[in-house]
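Readers should treat all values here as calculations from the given coordinates under stated rules, not as data from a laboratory. The structure presented is a predicted model; accordingly, all values stated were derived computationally and were not measured. As a convention, Cβ positions derive from the backbone with ideal geometry for all residues, glycine included, and neighbour counts pool all protein chains shown.
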Amino acid sequence: MAREVKQRRKVRINVGRVMLVVLVLWVAFGFARNAVANYKLRREIESLTKRIAVLEMRKADLEREIEEWLSPENVEKIAREQLGLVKPGEIVYRLSEPVED
């Protein structure tokens, strides 16, 4: 009878240890899963931060280009070259090439 009690105690202790190991593994797996998700989110944040920086530089370039296009000098240049406009009092001389027969 003493042997039976001793054997049962070993079984109970082993079952308790197994349950403890299972619990520890379950908690460790939960932490590992969260760590992987956290790592992926951090990489995505870094990627998006770099993309924002690139887009902000592009925005600044476009704003600078708009300012250049809207400058009075550029507007006058386009009006003269593309539209053939002149300022009041100016005389335009156009040279034409001789017509070949």
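Extending each Cα 7 Å along its Cβ direction at Arg94 and Val54, get the distance between those two points in nm, one decimal.
4.8
With N set to the number of residues, divide the alpha-carbon radius of gyration of the chain by 2.2 N^0.38 Å and report two decimals.
Against the compact-globule rule of thumb, the ratio is 3.21.
Got a sec to turn the phi values of the range 17-28 into Karplus ³J(HN,Hα) couplings, 6.51 cos²θ - 1.76 cosθ + 1.60 with θ = phi - 60°, whole Hz, x for Gly and Pro?
5, 4, 4, 5, 4, 4, 4, 5, 5, 5, 5, 4
So, counting K/R as plus one and D/E as minus one, what does the shell of residues with Cβ under 14 Å around Tyr39 add up to?
Taking every other residue near Tyr39 into account, the sum is +2.
Would you tally the net charge around Glu56, using a Cβ to Cβ cut-off of less than 14 Å, leaving Glu56 out, and scoring K and R as +1, D and E as -1?
Summing Lys/Arg as +1 and Asp/Glu as -1 gives +3.
When the helices in the chain are scored as -39500 (n - 2.57) per DSSP H run of 4 or longer and the sum is shared across all residues, what 222 nm value do you end up with, to the nearest 500 deg cm²/dmol?
After summing the helix terms and dividing by the residues of the chain, the value is -28500 deg cm²/dmol.
Which listed residue (Leu20, Tyr39, Leu95) has the Cα farthest towards the positive end of the charge dipole for the range 6-100, taking +1 on Lys and Arg C-beta and -1 on Asp and Glu C-beta about the Cα centre?
The residue sitting farthest along the positive end of the dipole is Leu20.
Within 10 Å, count the other beta carbons around each residue, average over each peptide in 81-89, 61-69, and list them highest first.
Ranking the peptides 81-89, 61-69 by packing returns 61-69, 81-89.
Starting from the Cα-Cα distance between Val22 and Lys40, subtract it from 0.36 nm times their residue separation and give me the gain in nm to one decimal.
Additional length available on full extension: 3.8 nm.
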